[in-house]
Structure formats: structure tokens, C-alpha cells
1. Say whether the condition of being more than 20 Å from Ser281 (Cβ to Cβ) and buried (at least 16 other Cβ atoms within 10 Å of the Cβ) is met by at least one residue in segment 26-38.
2. Between residues in segment 46-61 that are farther than 17 Å from Cys141 by Cβ and among the β-branched types (Val, Ile, Thr) and residues that are assigned to a helix (DSSP H, G or I) and open to solvent by 10 Å² or more (accessible area, probe 1.4 Å), which pairs lie under 8 Å by C-beta distance while being six or more apart or on different chains?
3. Output the helices (runs of 4 or more DSSP H) that fall wholly within segment 61-151 and possess 2 or more residues being open to solvent by 30 Å² or more (accessible area, probe 1.4 Å), at pLDDT below 90 and of a type in the set (A, V, I, L, M, F, W, C), or say none.
4. Can Leu259 be described as open to solvent by 30 Å² or more (accessible area, probe 1.4 Å) and either modelled with pLDDT under 75 or under 19 Å from Ile204 (Cα atoms) (or both)?
5. I'm trying to understand the selection: among the residues of segment 112-137, which are without any contact (Cβ under 8 Å) to a residue 40 or more places away in the chain and in contact with a helix residue (DSSP H, G or I) (Cβ under 8 Å, 6 or more places away or on another chain)?
6. Restrict the check to segment 213-222 and report whether at least one residue is assigned to a loop (DSSP other than H, G, I, E, B), surrounded by 16 or more Cβ atoms within 10 Å (Cβ to Cβ) and either out of contact with any Ser or Thr (no Cβ under 9 Å at 6 or more places or on another chain) or modelled with pLDDT of 70 or more (or both).
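The values are calculated or read from the model by the stated rules, or taken from the named source; none is laboratory data. All values reported here derive from a predicted model rather than from experimental measurement. Because the Cβ atoms are built from the backbone with ideal geometry, glycine has one as well, and the counts that use them run over all protein chains shown. Side chains included, ligands, DNA and RNA excluded: accessible areas come from the protein's heavy atoms. Shrake-Rupley method; radii C 1.70, N 1.55, O 1.52, S 1.80 Å.
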Amino acid sequence: MDVTDISARNVTGEEFWINIIFVLTIYIPLDFVIICGNAFVFAVIRQTPSLQKPQFTLLGSLALVDLLTGVIGVPVFVWGFVTRGSLHLLNIDSCQLQYFPMKIFISTSFLHLVFITTDRYVSIVKPLRYEQIVTRSRIYCAIAFSWITACVYVSIQLFWKSKRIEGAFFCFQMNPQGFVVQRYVVLILVPAGVILLIIMYFRIFMEARKHTRVITLHTRLSTQTTVHKKFKAAKTSAMIVCLFAVAYLPYSLRGVIFLFGIQRSEIYWYDLMTEVLLAMSSAVNPFIYVFRHKQFSTALSRILRNNADGY
């Protein structure tokens, strides 16, 4: 008896429908929040003249990544669960196709967070040279670099032939060579990115303490307002980075769990919840923008007021 038969027998018909109900009841409302929230953020940034700055260009690009997660990543992922094992014409038979979009968007989001933090770092640590260092063309290059790097990373497994071990509602398709290469890339780039983020935020908040001591009652009000806005933006980006880290940590711990010989079928519900957390990070970002930026909260109040007047 092969591994596929064993996996298929471990999932009863009742469990199969419980899994589908879980996916549909969790992911559909979550996907609705992701799409509506990030479409709102993207539209506000595009239509507000005061937000046409490099900082908000990066935030708008991150909102676009999160929006695509809701429009493409989550639906493809859910459709793969719902149709797996069926004979439907639109059945997603490739496990790589099911996970491909989400991996691209998660990797792109991580690189966006690195560049957003770098933007805040330069604006606070090197304020006099900010406009020289952070130009619109460099911002666009950073965004393009994020997408290209994420696509190359996810495409690594396509260079070798995949081996599939698949049962009902399970998706094991990978190739040993591609998996090893991807693992080493993650082990190099992710810790390097995390260390870079920690160093930059440490410098940012050390600079904040220094500015707090320097600013006195004799400091011009406009200077105090500018410094306050910069540090507030840095705190906002720090909140987004922390949220992403909290959402990604349980997912990344799966690799540690597998090292102890635990099979993926034994942590199936943990596996599902870690993927929900990853999608949830895209849904929460718009709420952070609304509570931390006056322009977004004002736009939301205007929309709610107009809808109330319509009724």
C-alpha cells in the first residue's frame, strides 16, 4: 500500500466536510475584509495629494500586494482545497499552483516591510539627505526588486521535477533539490532581513530618545510637529512589521516541528491555522493605517457619513 492510500484513509467523509466548512467560513469573510480594506487604502493614497510621498508610495504598494492576496492568493488557495480530489473541470490539480500566489505575495510583503523601514530610518537618522537618498525612481526600483526577487525565489522549485504524495485534502508536492535550495535561501535572507530591521529600529528609537531630550519649549512648533510625524510614521511601520512577524512565526515553526519526525497529517489543524494567520496579516494592515493616519480615518468617516446620508 502506498503513502497516498494511507493519507486518503486517514480522512473520513465527515472530516472532509468539516474541513471544507472551516475553510469557507473562515476564508470568505477574511477575504472580504482583505479586499475591501486594502482597496480603500490604495484608493485613498491614490486620490489624496498630501499622500503623494515616497513613504506612502511604499505603503500603497504594500496595500496593492495585500489586495492581490485577497483577489488572487486566497481564492486560488481555497479553491484548491475545495476541488481537491474532485473531477471538476476547474480542479487545481497542481499543489504548486495552489501555493504559488500566496508565496509570492508573502515574500513581496516581507521585502516591502524592509524597504518601508529603510525609508523611515533615512528620514529620521539622515533627515538632511532624505530627499537626495530617497527618490521616487529609487522607490519604484525597490518595488520592482521586491516583486522580481519574490518571483525568482518561488520559481526555484520549478527547476526540478516534483514528486507528489497526495491524499484527500492534503497537498504534498515538492522536489527535494528545489526544497533544499529554497530552505537555504530562506535561512540566509530572512535572518539577514530580520537583523537589518532590528538594527534600523534600534537606531530609530535611540534617535527618538535623543530628540526628546533636545526638544524644549524654545523649539519651534513646526519643528516639533515634523519630528513628531516622523516618529509616528516609524511607530506605524514598526507595528506592521511586528504584526507580520507574529503572523509568520507559527508558519515558520513548522520546519522545526518536522525536524522532530512529526508528520504533516498529525498537525493538520495547526497547519490550517498558520495559513489563516498569514492571510489575516493582510486584513489587519488597513485598520492600522486608519487608526494611525488622520488622512485614512478622515476618508473612512466621510464614506460612512455619505452612506448614512444616503439612507
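1. Residues of segment 26-38 more than 20 Å from Ser281 (Cβ to Cβ): none.
No, because not a single residue in segment 26-38 is more than 20 Å from Ser281 (Cβ to Cβ) and buried (at least 16 other Cβ atoms within 10 Å of the Cβ).
2. Filtered contacts from segment 46-61: Thr48/Gln295.
3. Numbers: elements: 74-83, 95-125, 130-133.
It comes to 74-83, 95-125.
4. Numbers: open to solvent by 30 Å² or more (accessible area, probe 1.4 Å): yes; either modelled with pLDDT under 75 or under 19 Å from Ile204 (Cα atoms) (or both): yes.
Yes, satisfied.
5. Taking segment 112-137 and keeping what is without any contact (Cβ under 8 Å) to a residue 40 or more places away in the chain, we get 122, 126, 128-133, 137.
Val122, Lys126, Arg129, Tyr130, Ile133, listed by residue number.
6. No.
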